[in-house]
Structure formats: C-alpha cells, structure tokens
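Below you'll find the structure, written out as structure tokens, and then a few comments.
Bear in mind these aren't lab numbers, they're just calculated from the coordinates by the rules spelled out. Remember, it's a predicted structure, so these values are computed and weren't measured experimentally. FYI the Cβ positions are ideal-geometry reconstructions off the backbone, even for glycines, and counts take in every protein chain you see.
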Amino acid sequence: MTEFLMYLTNGIVIGVINAISAIGVSLIVGIMKVVNFAHGELYIFAGYFSYHLSTTLGLPPLLAMPLSIFFIFLIGIGMERTLIRPTYGNEMYSLIITFVLSIVLQNAALLIFGPYPNKPPNLVSGATNIFGLYHYGNQRLLSFFISIGILLFIFYLIKKTWFGKSIRAVSQDREMSSLVGIDHFRVNMLSFGLGAALAGAAGVIVAPIFPVTPTGSSAISLTAFVVVVLGGMGSLKGCVVGGLLLGILENLGAAYISTMYRSIFGFLILILILVFRPWGLFGQRTQ
Amino acid sequence: MANAKKFWVPIVFIVLAIFPPFFLSQYWLHVMIISLFYVMMASSWNLIAGFTGQVSFAHAAFSGIGAYVSGMLAVYLGFSPWLGVLIGMGAAALLGLGLGYLCIRMGGIYLSLTTLGFSEILRIIITNEDRWTRGTMGLQVPGFFTEYSKVSYYYLFLIVAILVLAVIYRIIHSEMGLTFRAVLNDELAASSSGINTIRVRILAFTISGAIAGLAGGLYGHYLMLITPDIPSLGQMFLVLAMAVIGGMGSFVGPIVGSFVLEILSEYIRIYGEVHVLLFGLVALAVARFAPEGLMGIIGKRWRREWSY
C-alpha cells in the first residue's frame, strides 16, 4: 500500500510539472496554430542554464532558477521573431521549421553542454513524513508546491489580466482581435516567449530531481504533446487534468506493468485520442 | 523543343550513371549507394509533403518496417531477400494505408503528431523486443548476392531508384498529380470541385510508404545489419532535410538534395559528427529564406538564362 501511495505521489508531482510543460505547448498551439517541436530542447536548455549558473558560476539556486527561465523566455522571443513569424498561416512550414529547430538545438546542446547528465543542486534536502504513511523527498515536495504556484500564476495571468485577455482574444479570432486594437504580432511574440518560459520553468523545476541530458528532449516534447492532446488543445484545465492523468498512469504503468515500455503508454494514449476523440477531454470540437 | 529536352536529360543522366563503378573507389561507391537510398526516401517523402502538404514523420518508420520484415523473414524463415524485400514493401504499404486512413482526415498538426507517435512506438517496440529483432545489437541478415560486390549493389540500387523515380514522375504528371497539387493549393476549392481529397491523400500516403518500405528493405540487405537506427527520428530528419534543402514540391529537388547532403556529410565527417547540426542550420535557412530549396534557386537562374 505504501508503495502504491509513493507511485501515486510521484505521479502527481510529475503530473503538475507535465501540466506546466503542456501549457507551454498549448499556449503556442492555441494562438499560433504552431506545434513547438523544440519544446523539449528549451526545457533542457533551462536545466543546463540552471546547472551552470548555480554550479559553474556559483549563483544561489534561488537566483539561478528564475534567471534561467528568463533566458529561455528571451530565446523564445528570438525564435518567434526570426523563424516562426514568416510562417504564419503556412502550417506545413511551421511544422518543418520547429522540427528542424529541435534537431539543431538537440545537437547544439550535445556540442555545448556535453552528453553527460547534469544536476543542479537541490534547494532543500531530507524527507518528510506524509500523513504518517510514508516518507517522501523534500525536494520533490518543494517542486510540487512551486509548480502549483506557477500554475496558479498562469491561471491568474490568463484569466484575470489584460494580457491574458488579449491572448484569449487572439486565439479565438485573430482578425477581430486586431480590429479591436490588439497588436497581435506582439501578442504572438510574447506568448511564444511565455510558452518557452513555461518549458524552461518545468525544466528548471525538474532538473534537481531528474538530471538533464541532451537526448531526453524528445521524450519531454512528446509527453507535453500527449498531455495537450489528451486535455484538449486550447484548454488550460485540460492540461492540468491531462498532465496529472498521464503522470499517474505512466508511473503506475511503469511500476506494475513494465518499465521498458514506459514511454509507449504516452504514445498509445496520444494515438488513441487522436483517432477517437481528437478534441481531447476539454477541447472544442472543431472537426 | 522543350519536350525533347525533357526526354533527353534523364536519358543522359541514366547513361552517365552507368559509369561510376568503373572509376570510383569502393568507399565512394558506398556513398553513391547510400545516396540512392536517400533519393528513394526523399522523393517519396516529397510526394506527400511537397505535393500534398502533409508533414509525415513516419517515413523512416516505414523504411524500418521494410527492413525488419524482410530481414526477419530471411533470418527466421529462410526467405530469399529478393522475396523478402517485396513482402517488406507490402507490409509498409499496408501500414501506410492503415495509418493514412487513421490520421489523414485529421490533417496538419494532428497528422504530424500521430506519425511522430507511431514512429517512436515502432522504434521502442523494435528496440525492446530484442528476442526477435536483436534490438540495438542489430539483426544480421543475408545480402542479395552470394558473392558480395559493391558494384552489383550499386546497379541494383540504381535500377530500383530509376524505377521508383519513374513511378513518382508518372504520378506527379498524371491526373493524380494534378489532384495532389489541387489539394495542396486549396483544399476547400479542390473538394468543392468534386475531388475526394481524403482518398487522394490516403493513396499518396500508401504509395509513399510502400516506396519507403522498399528502400528500407534494400538498405537493410545491403548493410547486412539492421538496427533501430533505421526507423529513428534522426534518419527522418536527414530525409526531411534532403527534401527541404533540395527543394520540396519539385521532382528533381529531393534527388539533388540527397546526393548533395550525403556527399557533404562524408566530407564533414572528418571534423566530427557535426553534419547533422550543420544540415539543420542550412535547412532552417532554406525553409526560412528560400522555401523552394536548391532547385528553386537554380531554377530561377535557369529561367532567366533560357527565357527569350
């Protein structure tokens, strides 16, 4: 029973991190109809930045983490301006460009950071007794709470602020939103940056738990895509629900069924959903 | 006059292609054979991506199916590679039909994600079921010829590649090809003219998958070692880069792209495994600034010189 609870908790912790990562993809897909294949690479770049800032440069982790996220935000904006912007409306080219970009970044990461896994230092250490039932690592608990904080912040941003409203407006109807005065180019740019930053946030939060490697980026991108499709494209709460579901399912599946096929669960879910219910759990039926 | 030129140019190339084994070293013959493999892959990928606008990431997976089916039939059931390759092609075609039927109606993003998922699932299964596939250790398979000879393989690949290109050429310039381009240009208009866009796309997907399977089978029996690298996204990327840099949407583009990139990668290999990064950067630049690729750039110059 204790084991089950541990797997479940692992699933929940990973689940909220998945959710953050997925929202990063979902924002970009919702607004620009672009699937950011380079998502996983941004995630691990953030992890590497966090590692190097705190270890090589000796910055305190509390500073290294937000700084890394900020760098990724800037990189995201740069990507949007130079590569993505010209492909508006041309779905095929945006897919090709982000796919190639992901390969480029992956190889660049191998070249710059080397193939070995790196792990930024933990913020906290030790373990806590959960409800007197089992012990769980403090770093993971902290990651969980930070993630919840970020999720709440994102929800606030999207639902309550003017920026969030403009994002929602552009994703609903680009032409109309520009007619009412929204600078949709700027919204695009900022939301791509935000999407990238969320990928970075997820990477920075996970890095102290699971070290980052350049080859792990494809799995991360694909997990994010599965969550977005599962939850429904364009639905924030879908990302949260989907992220939790996937996290729990993958952990329980890996524990009780097979560890080798762990990643297959995600893909199978992806394909099943795409075939039978492409709009996911909470998405809109546009077909 | 233009028609005659169209007829003679390929003939000239085919005749020229007969000669390389007489003066090329074994190493460069190998490079030519690999290039021909990529020509088949890139041209067939171009058939769906360049001509119907759907970016499928399952292409390398189809070649992997061709390779593994053919290889395993040869190793476990003693099938001749000649037969195995045809069966492998059939298996890939069937899967292409199935996958196409499944995700063609979804279009765009969904199709790309599904094919991506399919490709990775296949690779993971192949890697894990090493009892049958020998996983990352590689499955050793017999070759086509009892006496190994690169020259024989070169001519085999050449003949098949020419046949494949001929098929693709006929498709592009047939009514089916017109339909493909109608779908690419404006799907709504195409379907209101009565074109069954879904059927067209599924057909394109199946044919391209079959060609990939054929190419994969040939490749496997040439290398005589089949590994999960064949159905990997890394291979997928190379094929994509060759089509993009060579020029999507043109018949010659992928051919040019395959030879150029494969030969270049041999030169760059001296400096390390940076050719993937380099090709990626070039592909980005091409997709961003010159979407019609090398053939687009050359074509513009050609037209300026030849127009009077």
Using only Cα atoms and rounding to the nearest 10 degrees, what angle (0 to 90) does helix A:2-32 make with the longest principal axis of chain A?
20 degrees
I'd like the distance between the alpha-carbon centres of the stretch A:154-186 and the stretch B:228-262, rounded to an integer number of Å.
39 Å
Filtered chymotrypsin sites (Phe, Trp or Tyr not before Pro), the stretch A:1-90: DSSP coil and at most 16 other beta carbons within 10 Å
A:TYR88
List the aspartates and glutamates whose Cα sits under 19 Å from the Cα of A:LYS119, skipping any in the same chain fewer than 8 residues away.
A:GLU41
How big is the charge dipole of the stretch B:29-232 about its Cα centre, in debye rounded to the nearest 20, if each Lys and Arg gets +1 on its Cβ and each Asp and Glu gets -1 on its Cβ?
140 debye
Distance between the stretch A:42-80 and the stretch B:45-74 - C-alpha centres, whole angstrom
38 Å
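Quote the FRET efficiency, to the nearest 0.05, computed for A:VAL180 versus A:LEU142 with a Förster distance R0 of 35 Å and r equal to the Cβ-Cβ distance.
Working from the Cβ atoms, E equals 0.25.
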Please report the spacing between the Cα centers of the stretch B:128-157 and the stretch A:196-273 in Å, no decimals.
36 Å
Give the share of C-alpha pairs in each 10 angstrom bin for the stretch B:190-295, from 0 to the last occupied bin, in whole percents, shortest bins first.
13, 34, 35, 13, 4, 0
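How much length is gained on full extension from A:LEU281 to A:ARG262, taking 0.36 nm per residue of separation minus their Cα-Cα distance? Each step should come with its number before you reach the end.
On the way: separation 19, 0.36 × 19 = 6.84 nm, distance 2.22 nm.
Answer, rounded to one decimal: 4.6 nm.
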D (µm²/s, integer) via Stokes-Einstein for chain B, Kirkwood Rh across alpha-carbon pairs, 25 °C, 0.890 mPa s: value 124 µm²/s
Expressed as a rounded percentage, what relative contact order does chain A have, with Cα pairs under 8 Å and six or more residues apart?
37 percent
If you fit an axis through the alpha-carbon atoms of helix A:61-79 and take the longest principal axis of the Cα set of chain A, what angle between them do you get, 0 to 90°, nearest 10?
30 degrees
Mind checking which aspartates and glutamates have their C-alpha under 19 Å from B:LYS300, skipping anything on the same chain fewer than 8 residues away?
B:GLU292
Aspartates and glutamates within cross-link reach of A:LYS159: Cα-Cα under 18 Å, excluding same-chain residues under 8 positions apart?
A:ASP173
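Any idea what the relative contact order of chain B is, in percent, if you count C-alpha pairs under 8 Å spaced at least 6 apart? Could you put the intermediate results ahead of the total?
On the way: 461 pairs, mean separation 93.9, N = 308.
The normalised contact order for chain B reaches 30 percent.
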If one takes the longest principal axis of the Cα atoms in chain A, at what angle in degrees, from 0 to 90 and to the nearest 10, does the Cα axis of helix A:217-231 lie?
70 degrees
Distance from a point 7 Å along Cα→Cβ of A:MET1 to each backbone N in the stretch A:246-280: keep the residues under 20 Å and list them by number.
A:252, A:256
For chain B, return all DSSP H helices satisfying: extent of Cα atoms along own axis at least 24 Å; mean Kyte-Doolittle hydropathy at least 0.0.
B:26-52, B:59-77, B:81-103, B:108-128, B:150-172, B:197-223
Per the C-alpha gyration tensor (a ≥ b ≥ c, the square roots of its eigenvalues), the stretch A:14-169 is rounded if a/c is under 1.5, else prolate if a/b beats b/c, else oblate; here it's oblate
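With contacts defined as alpha carbon pairs under 8 Å and 6 or more residues apart, what's the relative contact order of the stretch A:65-219 in percent? All intermediate terms of the calculation are to be shown ahead of the outcome.
Values: 124 pairs, mean separation 68.9, N = 155.
Here the relative contact order equals 44 percent.
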Across the Cα atoms of the protein assembly as shown, what radius of gyration and what greatest pairwise Cα-Cα distance (Dmax) are found, in Å?
24.9, 89
